[in-house]
Every structure is written in C-alpha cells, then in structure tokens.
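Just below is one structure, and these are the notes that go with it.
The values are calculated or read from the model by the stated rules, or taken from the named source; none is laboratory data. This structure is a prediction, so every number in the text was calculated from the model and none was measured. Please note: Cβ atoms are built from the backbone with ideal geometry, for glycine as well, and neighbour counts cover all protein chains shown. Accessible surface is based on the protein model in full, side chains and every heavy atom, while ligands, DNA and RNA are left aside. Shrake-Rupley method; radii C 1.70, N 1.55, O 1.52, S 1.80 Å.
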Amino acid sequence: MADKTSNAMWGGRFSEGPDAIMEAINASIGFDQRLAAQDIAGSRAHAAMLAAQGIITSKDADAIREGLLTVLSEIETGSFPFSAALEDIHMNVEARLKELIGEAAGRLHTGRSRNDQVATDFRLWVRDQCDAAMDGLGALQTALVDQAEAGADWVMPGFTHLQTAQPVTWGHHMLAYVEMFGRDRARLSDARTRMNDSPLGAAALAGTSYPIDRDATAHALGFDRPCANSLDAVSDRDFALEFLSAASICAMHLSRLAEELVIWSSAQFRFVALSDRWTTGSSIMPQKKNPDAAELLRAKIGRIFGAQTALLMVMKGLPLAYSKDMQEDKEQVFDAADSLMLALAAMTGMVGDMQANRDALRAAAAHGFSTATDLADWLTREAGLPFRDAHHVTGSLVALAEKRGCDLPDLSLADMQAAHPAITQDVFTVLGVDNSVASRTSYGGTAPDNVRDQVARWRKRLSESSPHA
C-alpha cells in the first residue's frame with residue numbers, strides 16, 4: 001500500500017502517495033540531513049525577519065525560534081526521528097516543528113520556497129567548508145615551513161623528468177609546496193567571497209509579494225548582500241563548482257607531494273623516513289614499511305576530481321530555474337569535502353612527523369653530474385664562451401666523467417683544459433654542491449639565505465592568517 005505520509009506536506013494536489021521506488025529516488029534526507037544546522041540557522045533568521053516586518057506575530061516568531069532550537073538539539077544528540085517519507089531536511093524539520101509548537105510552524109514558510117531555502121543552506125555549508133579547508137591548508141603550510149627552516153641549507157638533488165638536474169636545498173623544496181598551498185588558500189578565499197550572496201527570499205524563482213527584508217536575513221547569516229536576481233539565486237550552483245575546482249587543484253598538489261613521499265621513503269631513495277603512525281608493515285615481508293597513508297591519499301584525490309565532473313554534468317543541460325536534477329548536487333560535494341579535509345589532515349601529520357635523511361640527500365645531490373650547469377655558467381661568465389658553446393664543452397666533460405665512472409669534480413684540471421684551454425683551477429670552486437646552491441641567490445632561488453628569507457616571509461603571512469601568497 002502506498003505511503004500517504006508525505007501527502008499532508010504537499011496539500012491536495014496528489015490523491016495518492018508515491019510508491020516505494022518513487023520515494024527512494026525522490027528522497028534526499030539520507031544525505032541532506034548534513035545541512036541541518038544551516039537549515040535551522042536560515043529558518044531562525046527568516047522567522048525573525050518576518051516578525052520584524054510585521055508579517056507574522058512576535059509570539060509566533062518566539063515559538064518558532066524555541067521550537068527550532070529544540071529540533072537542533074534533538075538532531076545533535078541523535079534523537080531526531082528522520083523520515084524518508086518527508087523527503088528532505090527541510091520537510092523533516094518543519095514537520096517536527098509542527099509537532100512541537102503546532103499551528104505557528106506553518107507560518108515559518110511564508111515568503112520563501114524550498115528552492116531558495118536549499119540554495120541558502122547549501123551555500124552556508126559550502127562556505128563553512130571553504131573556511132575549514134583554508135584552516136587545514138594553513139596548518140599544512142606551517143608544517144612545511146617548519147621543515148624548510150630546519151633544512152634551509154641541507155643539499156639535495158633537484159629533478160626534472162625525475163632525473164638529477166641541479167642541487168637544491170631541502171628547505172627550498174619544502175617551500176615550493178608552501179607556495180602551491182598558498183595559491184590554494186587564495187582560490188578558496190576568492191570563491192568564498194563570490195559565494196557570499198544570500199539566495200534567501202528569492203522564493204521559488206520570482207521573488208515574493210510579501211514585504212520581506214532580504215538585507216536583514218543576509219546580514220543575519222553572515223552574507224555580504226542578497227543575490228540580485230531571483231532566478232539566478234535559486235538555479236546557481238557556481239559556488240559549489242568553484243569550491244570543487246579549488247579543491248581539485250589543491251588535491252592535485254596534495255597528490256604530487258604524496259607521490260614524492262612514496263618515492264622518497266623507498267629503499268632506493270631513503271630521502272625520508274615516515275613515522276609508524278603513517279605506515280604499515282607487510283603480512284609476509286618483515287622488512288617492509290609501506291607508506292600507506294600517502295598512497296591512500298594519492299588515490300582519494302580521484303574522488304574529488306570525480307565530484308567536480310559529476311556536478312558539471314548535472315548542471316550543464318538545465319534550463320532556468322530549478323530542476324529536480326539539482327538534488328544530485330550535494331552527495332558529491334559532501335564526499336569531496338570529506339576527502340579533502342581527510343587528505344589535508346593526513347598530509348599535515350606526515351609532513352610534521354617525517355625525518356629527512358640529510359646524508360642520503362647530500363650523497364644523491366653529489367651524483368648524476370648535478371653541477372654541470374654550474375660548469376657551463378662558469379665557462380660563460382669567466383671564460384667568455386657563448387652559452388651554447390659552454391653547453392657543448394660541458395657535455396663533453398660529462399661524457400668523459402661518465403666513461404671514467406666519476407663525477408665532474410673528480411676530473412683533473414688537465415682533463416678540463418683538454419676540453420677547452422680557457423678553463424682554470426678556479427672552476428673547481430663552483431663544482432661542489434654547497435657552492436652550487438650558495439650561488440643561486442637570484443630572487444626565488446635555492447640559496448640557503450633565500451630560503452631563510454622566505455621562511456620568515458611565510459611565518460609572518462601565516463601568523464596574519466592571510467590566504468594570499
């Protein structure tokens with residue numbers, strides 16, 4: 001027999017209740033109950049405004065306010081009786097409010113629709129996620145800055161194509177991610193600014209004839225202003241897409257760092273040791289210490305990318321204003337936000353605990369002809385060769401060192417001069433890895449003093465809680 005519970009919420013338009021399949025596809029309470037706090041905050045602001053405008057009585061507004069606080073308490077303590085037959089969080093809250101305060105509950109929905117109600121709730125929730133993600137990024141940046149400061153002059157190989165390229169410092173490498181995550185914070189901050197317009201009061205799509213005060217409800221909920229167009233207010237999900245876009249770029253950065261931790265913690269590299277908190281053993285190989293947290297983080301990133309694509313697909317074909325398709329806007333965003341916050345927390349923990357192997361870093365930096373560019377630069381600067389000629393001479397010396405199984409600093413002056421007679425003993429001052437990194441003093445370069453300057457810059461910015469790089 002069809003369930004008729006929901007008919008009272010719809011009025012007399014439908015003579016029979018939906019069958020079980022329709023109820024299952026139509027109901028969203030299984031996931032949108034996460035919007036409960038935002039839904040109740042919006043309703044409290046709306047009720048207060050209705051009373052201030054003389055649309056409902058102060059007595060009814062007081063009853064609504066107290067009733068909503070009771071509903072919120074029930075939800076927070078887990079005693080609230082959620083019902084799939086009531087479809088969504090809005091109907092569940094309203095039905096329970098009616099049980100608590102009676103007829104006054106029916107006046108709460110004056111001058112609004114579920115369309116502007118859900119748009120408001122969802123914006124408030126996504127705005128909260130932006131704030132949480134920015135805080136999480138700040139904590140991760142602080143952990144990276146701590147690593148950078150400790151290793152400002154620790155030499156390690158810098159890579160291109162995962163091949164040894166030039167020596168850099170550990171601190172410089174850590175700060176590269178600080179910059180990336182700084183841009184992520186800025187993107188979230190920018191998105192938050194754009195989403196901070198209130199849809200509440202746009203009603204179904206055309207506004208309302210009641211003398212509501214949309215500025216009052218906007219300011220009560222921390223919005224900057226009301227949305228200027230009622231059609232756009234209820235049909236817009238750009239705020240969620242922007243959050244997912246910023247989250248996806250941030251997730252990509254997290255995945256790149258996770259990949260490096262996986263590589264660096266391997267027996268072949270031994271650049272870092274991850275603590276037991278973030279690794280597991282093997283069921284059969286007792287020597288193994290697997291970087292499972294980094295690997296799982298790397299995999300979870302795909303969920304965030306997928307959420308962005310899924311919501312784009314939902315929205316791409318929808319005419320104005322609201323369509324039921326938009327009920328599918330939340331689960332993906334909820335999952336992406338959960339995955340992002342988990343990834344940020346895990347990465348912050350791994351970075352904070354990891355121990356860099358300074359000796360292994362230095363040994364690796366000294367191999368692979370990492371100072372070849374320094375030799376070419378010296379030939380251009382001191383011997384006056386055009387850089388392309390210097391590049392050719394250096395290449396011939398690299399080939400000689402490779403043939404002999406040694407590195408460039410191990411070649412003799414005679415070997416050097418055989419490649420070009422203008423080379424002098426002074427060339428050896430630039431071939432050591434310490435000399436190499438110390439010479440990279442251009443702004444943004446890897447020199448230890450540069451690293452310390454950037455550490456100080458970021459300490460200041462992070463202490464000011466600024467999301468902007």
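Summary table below
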read-out	value
Portion, in percent, of the accessible area of region 125-267 that falls on carbon or sulfur, probe 1.4 Å	49 percent
The chain: Lys pairs at Cα distance under 29 angstrom, eight or more positions apart or on different chains	13
Computed label-point distance, nm, for sites Asp389 and Arg194 using a 7 Å Cα→Cβ extension	5.3 nm
Sparse-neighbourhood loop sites, chymotrypsin sites (Phe, Trp or Tyr not before Pro) in region 343-452 - DSSP loop, at most 11 other Cβ within 10 angstrom	Tyr443
Radius 12 Å from Cβ of Gln53, net charge of other residues (Lys, Arg +1; Asp, Glu -1)	-1
Relative contact order, percent, region 146-222 [alpha-carbon distance under 8 Å, six or more residues apart]	20 percent
Computed E for Arg457/Ala150 - FRET, C-beta separation, R0 25 angstrom, nearest 0.05	0.90
Spatial extent of region 122-223: Rg and Dmax, with the Cα atoms as the point set, Å	22.1, 70
For Ala165, residues with placed amide H under 5 Å, excluding near neighbours	Gly158, Phe159, Thr160
Positive-end residue, region 62-129 charge dipole about Cα centroid, Cβ charges, pick of Ala119, Phe82, Val71	Ala119
Protection-proxy order for peptides 206-213, 33-40, each taking the mean of Cβ atoms within 10 Å per residue, highest first	33-40, 206-213
Average accessible surface area per residue within the chain, 1.4 Å rolling probe, Å²	46 Å²
Rounded Å value of the spacing that divides the Cα centres of region 183-210 and region 230-277	25 Å
Dipole of region 357-469 [Lys/Arg +1, Asp/Glu -1 at C-beta], most positive-end residue of Ala360, Ala390, Ser436	Ala360
Among Gln53, Val351, Thr208 - extreme Cα towards positive end, dipole of the chain, charges at beta-carbon	Val351
Helix-only mean residue ellipticity at 222 nm for the chain, each DSSP H run of n ≥ 4 adding -39500 (n - 2.57), per residue, nearest 500	-19500 deg cm²/dmol
Dipole in debye (nearest 20) - region 341-469, about Cα centre, beta carbon charges: Lys, Arg +1; Asp, Glu -1	480 debye
10 Å Cβ shell holding at most 11 others, DSSP loop, GluC sites (Glu not before Pro): longest site-free stretch of the chain	17-463
Net charge dipole size for the chain [Lys, Arg +1 and Asp, Glu -1 on Cβ; Debye, nearest 20]	320 debye
Estimated distance in nm for a label pair at Phe82 and Ala165, the labels positioned 7 Å out from Cα along Cα-to-Cβ	4.9 nm
